[in-house]
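K.L.:
Dropping a structure here in structure tokens format, bear with me for questions.
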Amino acid sequence: MNDISKNGLWQQNAILVQLLGLCPVLAISTTLVNAVSLGLATILVMLLANLAIASLRTLIPYEIRIPVFVLIIAALVTVVDLSLNAFLHDLYVMLGIFIPLIVTNCIVLARVEAFAAKNGLAAATLDGAMMGVGFLWVIALIGGLRELIGQGTLFSGIEMIFPSLTHIQLLPADYPGFLVMMLPPGAFFTLGLLIAGRNWLTARTKQRLPNQHMEAAPSAEKTPPVAA
Amino acid sequence: MNNSPYLHKAASVQSVMLRVLLALLPGIAAYVWFFGAAILLQIALASLTAFAAEAVVLKLRGKPLRPFLTDGSALVTAWLIALSFPPLAPWWLIVLATAIAMVVAKHLYGGLGQNPFNPAMVAFALMIIAYPQHLSQWPSLPAVVQMDFAAQWAMIFNLPPTQTLDALTMATPLDALRTALHNAESKTTIASAWANYPAAGHLADRGREWVAAGYLAGGVWLMQQRIITWHLPIAFIATLGLAAGTAHLINPAEFAAPLFHLFSGGAMLAAFFIITDPVSAATTPYGKLIFAAGVAFITWIIRCFGAYPDGIAFAVLLMNMCVPLIDMATQPRVFGHKK
């Protein structure tokens, strides 16, 4: 149980270590609200997908498992997509194609294939949730940093979810902004720096504890192939 | 009497960089003569920032400070940034740009000799994307002549009496021509747009054409000193001249003359000082020709058909990306070996 959480949040973090699902991470993390919204939608899909597939895993023929997984995920994403459209229409318009694209998010399929198809119900659900939370905190951090440096605010667009709230102006109002952070290059810079920061932390931890965690540390070293 | 073997003492990084700085002086002198001493302030700001940023990063990386700080490479980057920015840009722009150049473009890639992209051009490209309003504000010659240094100082540090930048600036020749040509209603030609341009000189912008000539003189001295080989500047100038000349011959109403292109914007600075960065440029003789020709051609394309005031920074970065490929494809034959 503990290992599943640790893997999802840090050791095997979907974005920082596995580098999976980068397309929505880079495209949607322009503001904190966008990032968190997409992160929550992804958590929901991952949790339900892992739950559904772990419970159906004995019924799914091995040879056609991938199409079946994708169908189940697509059905779940459609539910999320329609609910967002119905209840949070402004946000739905903002997130646009990236809600339907959760279907193709590699991290969802990766967890289903690598974990839910081989593990019990409780473990699989926890794994989906924790992988999702790991996704959420990183995309939220990227979104927050980009919004703060790019335009000096936080929570801009919160009124799309809670009409009574408004954004916080953290930097002085005459802050000239840094447009690059709001543009795609800013997403790559921020992600790159975060990955570098995580590698640095891991390297430092390994240095300080030379004898322990030998089995946990190498996970940071082998970087899986990048998938968008 | 000396005996053989006669060995050359390899030029140290420091002496190379110092001579590059020296070669920039004629251009800077012309700059000060025409546009006032504001550029010296920008150069000082950029140099201080470069030293500070480099010292901090060296400290963080656990490298010795003295050899890296005194090699002069930070100064060259800083001066190139200052010279490619508008002289009356706000102080934080140049500080931010220089810090990014040193920390992100140079040291995050491993420091001097490791950076795949030209640091000065990384800074310029980032800044022109982030703050196009500041980087397209070039002071007009008549307005600047009336400003004393105190007024320029106040301008850069945004002190009272605050002046609006719009009153002092005007479109650069490259911008003015593009705007006139892209304005479908006015049906202007290069010649009529140029006749209306208030600061037209002999070849390009009055004042800035002399700055370009200063860079040219300094660059020729660098070639004579063998700090740079002829390949990069000549290929750059020839390609830009050829592309502009061909288009100008075909349609003189819409394409400016080659000499105008060579003496406008940052073309001369790029030809001798920017694309000749020994780290991020191609290194084989043929590779240098391809690299410089590519930069010149992309610059010309961006100038004629793009939306940015000048295309050199983007052109340099795009060609920087091709350098590993170019170098691999143009390895010279080793003596005694077949290809």
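K.L.:
What base-10 log of the normalised intensity I(q)/I(0) is obtained for segment B:172-327 from the Debye formula, alpha carbons as equal point scatterers, at q = 0.09, 0.14, 0.18 Å⁻¹?
P.N.:
Taking Cα atoms of segment B:172-327 as identical point scatterers yields -0.29, -0.67, -1.03.
K.L.:
Follow-up question, since we're still on this one. How large is ³J(HN,Hα) for each residue in segment B:13-21, as worked out from phi by the Karplus curve 6.51 cos²θ - 1.76 cosθ + 1.60 (θ = phi - 60°), to whole Hz, x for Gly and Pro?
P.N.:
Working through the residues one at a time gives 4, 4, 5, 4, 5, 4, 5, 4, 4 Hz.
K.L.:
Can you tell which of B:ARG19, B:ARG208, B:ARG66 shows the greatest fluctuation in a Gaussian network model of chain B with Cα springs below 10 Å?
P.N.:
In the Gaussian network model the winner is B:ARG66.
K.L.:
Let me ask something additional. Just to confirm the filter: which chymotrypsin sites (Phe, Trp or Tyr not before Pro) across segment B:193-286 are DSSP coil and have at most 14 other Cβ within 10 angstrom of their Cβ?
P.N.:
Filter output for segment B:193-286: B:TRP230.
K.L.:
Lys/Arg Cβ at +1, Asp/Glu Cβ at -1, dipole of chain B taken about the Cα centre: which of B:LEU216, B:MET121, B:PRO64 is farthest positive-ward?
P.N.:
B:PRO64
K.L.:
A follow-up question, please. Can you give me the distance in nm between label points at B:ALA44 and B:TRP92, each placed 7 Å from the Cα along the Cα-to-Cβ direction?
P.N.:
Distance between the two pseudo-spin positions: 2.2 nm.
K.L.:
Could you list A:THR166, A:THR104 so that the one with the fewest beta carbons within 10 Å of its beta carbon is first and the one with the most is last?
P.N.:
A:THR166, A:THR104
K.L.:
Identify the residues of segment A:23-38 with backbone N under 13 Å of a label point that sits 7 angstrom from the Cα of A:TYR175 along the Cα-to-Cβ direction, or state none.
P.N.:
Zone members listed by number: A:32.
K.L.:
Is chain A best put as rounded, prolate or oblate by its Cα gyration tensor, with a ≥ b ≥ c the root eigenvalues, rounded for a/c under 1.5, and otherwise prolate when a/b is larger than b/c, oblate when not?
P.N.:
It comes out oblate by the Cα gyration axes.
K.L.:
Turning to a different aspect of this structure: A:CYS23 to A:LEU165: extension gain in nm, 0.36 nm per residue of separation minus the Cα-Cα distance?
P.N.:
Length difference between fully extended and current span is 48.2 nm.
K.L.:
When B:PHE35, B:PHE124 are ordered from fewest to most other Cβ atoms inside 10 Å of their Cβ, what list results?
P.N.:
B:PHE35, B:PHE124
K.L.:
Suppose R0 equals 41 Å. What FRET efficiency, 1/(1 + (r/R0)^6) with r the Cβ-Cβ distance, do B:LEU7 and B:ALA329 give to the nearest 0.05?
P.N.:
That gives a FRET efficiency of 0.80.
K.L.:
For the residues B:LYS106, A:LYS206, what sequence is obtained by ranking on other C-beta atoms within 10 Å, fewest first?
P.N.:
Result, fewest neighbours first: A:LYS206, B:LYS106.
K.L.:
For B:SER15 and B:THR283 in one chain, what is 0.36 nm times their gap in residues minus the Cα-Cα distance, to one decimal in nm?
P.N.:
That works out to 94.5 nm of additional length.
K.L.:
By the gyration tensor of its Cα atoms, with a ≥ b ≥ c the square roots of the eigenvalues, what is the shape of the protein assembly as shown: rounded for a/c under 1.5, prolate for a/b over b/c, or oblate?
P.N.:
Judged from the Cα gyration tensor, the protein assembly as shown comes out prolate (a/c at least 1.5, a/b above b/c).
K.L.:
Quick one: which of A:LYS6/B:LYS63; A:LYS118/A:LYS206; A:LYS6/B:LYS106; A:LYS206/B:LYS59; B:LYS106/B:LYS288 span more than 27 angstrom between C-alpha atoms?
P.N.:
Going by Cα-Cα distance, A:LYS6/B:LYS63; A:LYS118/A:LYS206; A:LYS6/B:LYS106 fall outside the 27 Å limit.
K.L.:
With the crude spin-label approximation of a point 7 Å out along Cα→Cβ, what separation in nm comes out for B:LEU65 versus B:ALA307?
P.N.:
It works out to 4.5 nm between the two label points.
Bear in mind that the values in this text are calculations on the coordinates, not laboratory data. Predicted, not measured: the structure shown is a model, and the values here were computed from it. Here the Cβ is made from the backbone with ideal geometry for all residues, glycine too, and neighbour counts use every protein chain on show.
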